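Asks: I have a structure I would like to understand better, so I am pasting it below and will then ask my questions one at a time.
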Amino acid sequence: MFKKSKKDILQAPRGMRDFTGNEYRKYQNFWSIAQKIAENSGFSGIETPIMEHTEIFQKGVGKGTDIVDKEMYNLETIGGDRLTLRPEGTAGIMRSYIEHGMGSLPQPLMFYYSGPFFRHEKPQKGRYRQLYQFGLEIMGSKTPIHDALIIQVGYKIVKKTGKEITVEINSLGSNDERAAYIEKLRLYYKENIENIAKSDLARIETNPLRILDSKEESTKLINKNAPLLTENLGEESQKYFDTVLVYLKEINIPYKIVPSLVRGLDYYEHTVFEYVTFDEKGNKSNALGGGGRYDGLAEKIGHSKAVPSVGLGLGVDRIIEISDNNEFKDNKTIGIYLIGLGEQGNKKALSVINQIDINENLRLYCTLTEANLKKQLSRAEESGANYAIILGEEEIKKGLAILKNLSTREQKEINLKNIKEEISKL
Ligand code: AMP
């Protein structure tokens, strides 16, 4: 076993991070914006455990996928259960739908969720082992309008980055069409086996679809003439896909059909899509999120009936990293630095904190230390607060406090009795 030094132990596990200060707030602000957009669009929240039985992912996401073969954090409990830290959200939510008999409720059910997910990938920029996703699912429905709704709501959220977003979209056809296409593709790769990159060879048997988005130059050449999925769709599937596109046009969502888009999870069929953006040089970003239809997932994990569904997962880390506006920053909040001087001042500060009820637009900074006025004022300036309220012993005796505007440096006396009202006026 790999032996850890003292230094190793005092570092977060590779690919996992601590969040404090502004970074912490940006994630919180992202959650609340995404949650609002989802709730304003008819979705309600769901939270499932961070672990599921390993089989849920093995059967749902599928053996032969990178996630299941290489990236899962599996553990065995003292009782001998085999559990896995969730690498994605959909399979667990489908397990919950089945367990609670949600199929007997009026359909569809529309959920949003958020939280940490775990994939043992090679850490690099935009790729973490503990990653954060915000997801949407519409379960128990097979109509193209729900595919369009999912794409639309996800688009609204990723647009908050301030970037131009393109939806790349494709159809994998039905499960049978997809299986027939995979066979065709396998045959094609076998015929061209001598020109396929070594690192792609194993996938000819395990998952030939993934060879389509290979980064290897020699494979890319072969891919140019590979049979196209879009040419292998049956009439029904083509009609379904066309209808999704008609809806997207109607709501002005810019999309691009990308025949090589297959996504890395086994449960998708019919519509699949990703949100991408391009830099000034025209280079495509990593996908900010993506999703698709997963009509067969319920049966894959052991349910007796299909539960047609469509969903998406957004990569919160990537969305925050590329955001170039202030949307996820904390710019709508008034910051107040509460300065208590001496024991009396700090005691008063305690009572001020006590009086403030929920005020969503207020962020209070307060350390209740013995530090003198100069020190506390300089901390207040550094903190990013807009105002300081100074509680000095002399003023307290007179029932007063000093309110100082930290940018204009103007200050005035305020009555301690009215402090709540004074704060809410800011
Ligand atoms: P997936 O669940 O694979 O469909 O991924 C959905 C989105 O999550 C992707 O488009 C990425 O934005 C994000 N994502 C996936 N894996 C990672 C990772 N290891 N680190 C950061 N973000 C990720």
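Asks: Scan segment 139-151 for residues that are assigned to a helix (DSSP H, G or I) and surrounded by fewer than 18 Cβ atoms within 10 Å (Cβ to Cβ) and report the count.
Replies: Result for segment 139-151: 1.
Asks: Right, another one. Conditions first: (1) part of a helix (DSSP H, G or I); (2) over 30 Å from residue 98 (Cβ atoms). Residue 298 passes all but one, so which condition is the exception?
Replies: Result: residue 298 fails condition (2) only.
Asks: Could you pull out the residue among 193, 157 that is modelled with pLDDT of 90 or more and surrounded by 17 or more Cβ atoms within 10 Å (Cβ to Cβ)?
Replies: 157
Asks: Another question about this same structure. For segment 241-293, name all the residues that are closer than 25 Å to residue 323 by Cα, under 18 Å from the mean Cα position of the chain (by Cα) and either hydrophobic (A, V, I, L, M, F, W, C) or part of a strand (DSSP E or B) (or both).
Replies: Scanning segment 241-293 gives 272, 273, 274, 275, 276, 287, 288, 289, 290, 291, 292.
Asks: Just name the residue that is surrounded by the most Cβ atoms within 10 Å (Cβ to Cβ) out of those in segment 69-93 that are under 26 Å from residue 111 (Cβ atoms) and small (Gly, Ala, Ser).
Replies: Ranking the qualifying residues of segment 69-93, first place goes to 91.
Asks: Among (1) more than 16 Å from the ligand (Cβ to nearest atom); (2) in contact (Cβ under 8 Å) with a residue 12 or more places away in the chain; (3) within 15 Å of residue 175 (Cβ to Cβ); (4) surrounded by 14 or more Cβ atoms within 10 Å (Cβ to Cβ), where does residue 236 come up short?
Replies: Against the list (1) more than 16 Å from the ligand (Cβ to nearest atom); (2) in contact (Cβ under 8 Å) with a residue 12 or more places away in the chain; (3) within 15 Å of residue 175 (Cβ to Cβ); (4) surrounded by 14 or more Cβ atoms within 10 Å (Cβ to Cβ), residue 236 comes up short only on (4).
Asks: Please work out if residue 313 is within 13 Å of the ligand (Cβ to nearest atom), in contact with a His (Cβ under 9 Å, 6 or more places away or on another chain) and more than 17 Å from residue 385 (Cα to Cα).
Replies: No, not satisfied.
Asks: Is there a residue in segment 386-403 that is within 20 Å of residue 21 (Cα to Cα), assigned to a loop (DSSP other than H, G, I, E, B), in contact (Cβ under 8 Å) with a residue 40 or more places away in the chain and out of contact with any Lys or Arg (no Cβ under 9 Å at 6 or more places or on another chain)?
Replies: Within segment 386-403, one or more residues are within 20 Å of residue 21 (Cα to Cα), assigned to a loop (DSSP other than H, G, I, E, B), in contact (Cβ under 8 Å) with a residue 40 or more places away in the chain and out of contact with any Lys or Arg (no Cβ under 9 Å at 6 or more places or on another chain).
Asks: Going by the conditions given, is residue 115 surrounded by fewer than 22 Cβ atoms within 10 Å (Cβ to Cβ), over 22 Å from residue 69 (Cβ atoms) and within 14 Å of the ligand (Cβ to nearest atom)?
Replies: yes
Asks: For segment 252-269, indicate whether the set of residues that are away from the ligand (no atom under 13 Å from the Cβ), touching a helix residue (DSSP H, G or I) at 6+ places or on another chain (Cβ under 7 Å) and farther than 25 Å from residue 208 by Cβ is non-empty.
Replies: yes
Asks: Considering each residue of segment 95-116, count those that are in a helix (DSSP H, G or I) and hydrophobic (A, V, I, L, M, F, W, C), and give that number.
Replies: Total satisfying the criteria: 2.
Asks: All but one of (1) among the hydroxyl-bearing types (Ser, Thr, Tyr); (2) more than 16 Å from the ligand (Cβ to nearest atom); (3) touching a strand residue (DSSP E or B) at 6+ places or on another chain (Cβ under 8 Å); (4) over 30 Å from residue 208 (Cα atoms) hold for residue 104; state the number of the condition that does not hold.
Replies: It fails just one condition, (3).
Asks: Out of 281, 249, report the one residue that is over 19 Å from residue 209 (Cα atoms) and modelled with pLDDT of 95 or more.
Replies: Among 281, 249, only 249 is over 19 Å from residue 209 (Cα atoms) and modelled with pLDDT of 95 or more.
Asks: Moving to a separate point now. Could you list, ordered by first residue, the pairs with Cβ atoms under 6 Å in which the first is in segment 117-138 and outside any loop (DSSP other than H, G, I, E, B) and the second is small (Gly, Ala, Ser) and more than 6 Å from the ligand (Cβ to nearest atom), at least 6 apart or interchain?
Replies: What qualifies is 134/34; 134/114; 135/89; 136/311; 137/311.
Asks: Inside segment 276-301, can you point out the residues that are over 15 Å from residue 34 (Cβ atoms) and touching a helix residue (DSSP H, G or I) at 6+ places or on another chain (Cβ under 7 Å)?
Replies: 277, 285, 286, 293, 294, 296, 297, 298, 300, 301 - these are the residues of segment 276-301 that are over 15 Å from residue 34 (Cβ atoms) and touching a helix residue (DSSP H, G or I) at 6+ places or on another chain (Cβ under 7 Å).
Asks: Scanning for something farther than 28 Å from residue 288 by Cβ and outside any loop (DSSP other than H, G, I, E, B), does segment 161-178 turn up at least one residue?
Replies: Looking for residues that are farther than 28 Å from residue 288 by Cβ and outside any loop (DSSP other than H, G, I, E, B), one finds at least one in segment 161-178, hence yes.
Asks: Mind listing just one residue for me: the one in segment 207-233 that is assigned to a helix (DSSP H, G or I) and in contact (Cβ under 8 Å) with a residue 60 or more places away in the chain and, of those, nearest to the chain's Cα centre (by Cα)?
Replies: Here the answer is 210.
Asks: Looking only at segment 70-95, filter to residues that are without any contact (Cβ under 8 Å) to a residue 40 or more places away in the chain and of a type in the set (D, E, K, R); which one of those is farthest from residue 130 (Cα to Cα)?
Replies: Filtering first and then ranking leaves 81.
Asks: Within segment 30-40, is there a residue that is within 16 Å of the ligand (Cβ to nearest atom), touching a residue at least 24 places away in the same chain (Cβ under 8 Å) and within 28 Å of residue 75 (Cα to Cα)?
Replies: no
Asks: Of the residues 239, 220, 224, 198, only one is among the charged types (D, E, K, R) and either modelled with pLDDT of 95 or more or at positive phi (or both); which?
Replies: 239
The values are calculated or read from the model by the stated rules, or taken from the named source; none is laboratory data. Source: prediction; values computed, not measured. Cβ: placed from backbone, ideal geometry, glycine included. Neighbour counts: every protein chain shown.
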